[in-house]
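Worksheet for the structure shown next.
The values are calculated or read from the model by the stated rules, or taken from the named source; none is laboratory data. Values in this document were obtained by computation on a predicted structure and should not be read as measured data. Cβ placement follows ideal geometry from the backbone for every residue including glycine, while neighbour counts extend to all protein chains displayed. Surface areas here come from the heavy atoms of the whole protein model, side chains and all, with no ligands, DNA or RNA. Shrake-Rupley method; radii C 1.70, N 1.55, O 1.52, S 1.80 Å.
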Amino acid sequence: MREIGLDHLADIARGAAILGTGGGGDPYIGRLMARAALREHGPVELVPLAEVPDGAMVLPVAGMGAPTVMVEKLPSSAEMSNAVEALCGYLGRRPTHIACAEVGGVNSLIPVAAAARLGLPLIDADGMGRAFPELQMFIPALYGVRASPMALADDKGNRSVLDTVGNHWTERLARAATVEMGGSATTVLYAMDGAKARESMVPATLSLSAELGALVAARRGEAAAAVAERLGGRVLFAGKVLDVERRTQGGFARGTARLHGGAGELRLSFQNEHLLAELDGVPVATTPNLICVLDQQTGDPVTTEALRYGHRVTVLAAPCDPRWLTPEGLALAGPRYFGYDLDPVTL
């Protein structure tokens with residue numbers, strides 16, 4: 001796949017929402033934004049990561065905030081251009097390529113819309129290989145890439161540039177600004193050259209998303225097993241949602257879900273994304289590996305904000321990019337970072 005057109009959006013949205021482990025925002029919203037941009041500006045060139053030149057100026061674009069807020073407070077098209085313009089004005093350079101910060105529902109398609117509106121190619125890669133709730137959880141950060149200078153823009157026309165002493169400070173200050181902006185904003189961050197992008201980003205994740213989306217469309221009720229096999233993972237559980245406790249707090253959607261099935265009771269804990277799965281109290285999957293929830297009938301991914309009582313779902317686990325399982329990666333996104341006193345469950 002060398003370009004993204006209107007016919008690709010449904011598969012990318014569906015597949016990216018699987019890789020997004022319940023987070024990354026509502027894929028339907030992302031499809032609406034990308035569809036409007038592609039109808040106005042035409043297809044977006046998709047560039048393999050290996051073909052990005054050393055001197056390229058790569059700008060990852062993403063939405064920041066609680067997915068529960070984005071369901072009602074839709075990002076505006078002006079947010080993307082405002083955020084890019086703010087950062088470019090600060091850096092004194094124009095971008096040559098747009099990239100995905102994370103492969104998740106809306107955050108896999110906001111960059112498509114941004115690339116279309118700016119007339120720039122999009123790199124077939126992302127910075128996580130999945131979605132994570134905090135912006136310092138980014139594989140290029142393990143290679144010394146700084147999150148800031150970072151730009152934020154909201155639907156009202158406000159925009160801001162942060163230049164901080166470290167990535168954790170970028171997260172703290174950007175999260176506070178996002179809360180004041182109404183709980184969601186568009187961000188441009190982790191600007192890097194092409195050489196660093198080739199070294200540190202996760203390749204071919206948009207192509208993988210399209211492949212997974214097509215697989216679900218073809219297999220539907222049998223999709224969970226097929227997706228688990230394609231990702232090298234396994235099906236953990238199938239059953240009905242008994243209860244969901246969800247709250248929007250500090251710019252995140254946090255909570256738990258209880259599921260009942262023939263294998264017992266599964267408890268999912270999430271912070272935007274699913275972080276821990278426990279079967280009858282025993283951990284069976286943990287961050288940074290992927291925990292994905294699919295509708296039993298349609299095979300479509302179910303995001304954390306869409307989980308409801310009575311929903312019949314299948315839960316699967318899949319391995320993350322191996323760099324997340326290094327000591328440095330676990331320090332950023334392992335179970336203990338999120339307050340769970342346990343080692344990651346290997347798959």
Residues located in segment 234-252, provided they are in contact with a Gly (Cβ under 8 Å, 6 or more places away or on another chain) and over 16 Å from Leu279 (Cβ atoms): Val244, Glu245, Arg246, Arg247, Thr248, Gly251
Among (1) buried (at least 24 other Cβ atoms within 10 Å of the Cβ); (2) part of a loop (DSSP other than H, G, I, E, B) - the single one Ala16 does not satisfy: (2)
Scope segment 39-67; condition surrounded by fewer than 24 Cβ atoms within 10 Å (Cβ to Cβ) and either of a type in the set (Gly, Ala, Ser) or in a helix (DSSP H, G or I) (or both); matching residues: Arg39, Glu40, His41, Gly42, Leu49, Ala50, Glu51, Gly55, Ala56
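Yes/no matrix, rows are residues, columns are (1) among the β-branched types (Val, Ile, Thr); (2) closer than 22 Å to His260 by Cα:
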site: Asp193; (1), (2): no, no
site: Lys196; (1), (2): no, no
site: Leu208; (1), (2): no, no
site: Ala228; (1), (2): no, yes
site: Arg234; (1), (2): no, yes
site: Val244; (1), (2): yes, yes
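Would you check if Glu229 is assigned to a helix (DSSP H, G or I), farther than 20 Å from Met137 by Cα and open to solvent by 10 Å² or more (accessible area, probe 1.4 Å)?
Values: assigned to a helix (DSSP H, G or I): yes; farther than 20 Å from Met137 by Cα: yes; open to solvent by 10 Å² or more (accessible area, probe 1.4 Å): yes.
It is true that Glu229 is assigned to a helix (DSSP H, G or I), farther than 20 Å from Met137 by Cα and open to solvent by 10 Å² or more (accessible area, probe 1.4 Å).
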Total residues in segment 159-180, condition without any contact (Cβ under 8 Å) to a residue 40 or more places away in the chain and either basic (Lys, Arg) or surrounded by 16 or more Cβ atoms within 10 Å (Cβ to Cβ) (or both): 8
Any hit, segment 136-153, residues being open to solvent by less than 20 Å² (accessible area, probe 1.4 Å), at pLDDT 95 or above, within 24 Å of Leu325 (Cβ to Cβ) and among the charged types (D, E, K, R): no
Matching entry among Ala191, Ala210 (being among the hydrophobic types (A, V, I, L, M, F, W, C), open to solvent by less than 50 Å² (accessible area, probe 1.4 Å), within 25 Å of Ala113 (Cβ to Cβ) and touching a His at 6+ places or on another chain (Cβ under 8 Å)): Ala210
Any hit, segment 235-251, residues being open to solvent by 40 Å² or more (accessible area, probe 1.4 Å), assigned to a strand (DSSP E or B), hydroxyl-bearing (Ser, Thr, Tyr) and out of contact with any His (no Cβ under 6 Å at 6 or more places or on another chain): yes
Residues (open to solvent by 40 Å² or more (accessible area, probe 1.4 Å) and either modelled with pLDDT of 95 or more or among the small types (Gly, Ala, Ser) (or both)) located in segment 252-277: Arg258, His260, Gly262, Ala263, Glu265, Arg267
Looking only at segment 68-81, and only at residues there that are open to solvent by less than 40 Å² (accessible area, probe 1.4 Å) and polar (S, T, N, Q), the one that is modelled with the lowest pLDDT: Thr68
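How many residues does segment 207-245 contain that are of a type in the set (D, E, K, R) and at positive phi?
1
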Search result, residues across segment 22-32 that are buried (at least 24 other Cβ atoms within 10 Å of the Cβ) and either assigned to a loop (DSSP other than H, G, I, E, B) or aliphatic (A, V, I, L, M) (or both): Gly22, Gly23, Gly24, Gly25
Test: Ala197 is open to solvent by 40 Å² or more (accessible area, probe 1.4 Å), over 25 Å from Val69 (Cβ atoms) and either at pLDDT below 95 or assigned to a helix (DSSP H, G or I) (or both): no
Qualifying residues in segment 295-329 (those that are of a type in the set (A, V, I, L, M, F, W, C), open to solvent by less than 20 Å² (accessible area, probe 1.4 Å) and within 16 Å of Asp26 (Cβ to Cβ)) - the one modelled with the lowest pLDDT: Leu307
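Would a scan of segment 103-110 turn up a residue that is within 16 Å of Leu49 (Cβ to Cβ), outside any loop (DSSP other than H, G, I, E, B) and modelled with pLDDT under 95?
Yes, some residue in segment 103-110 is within 16 Å of Leu49 (Cβ to Cβ), outside any loop (DSSP other than H, G, I, E, B) and modelled with pLDDT under 95.
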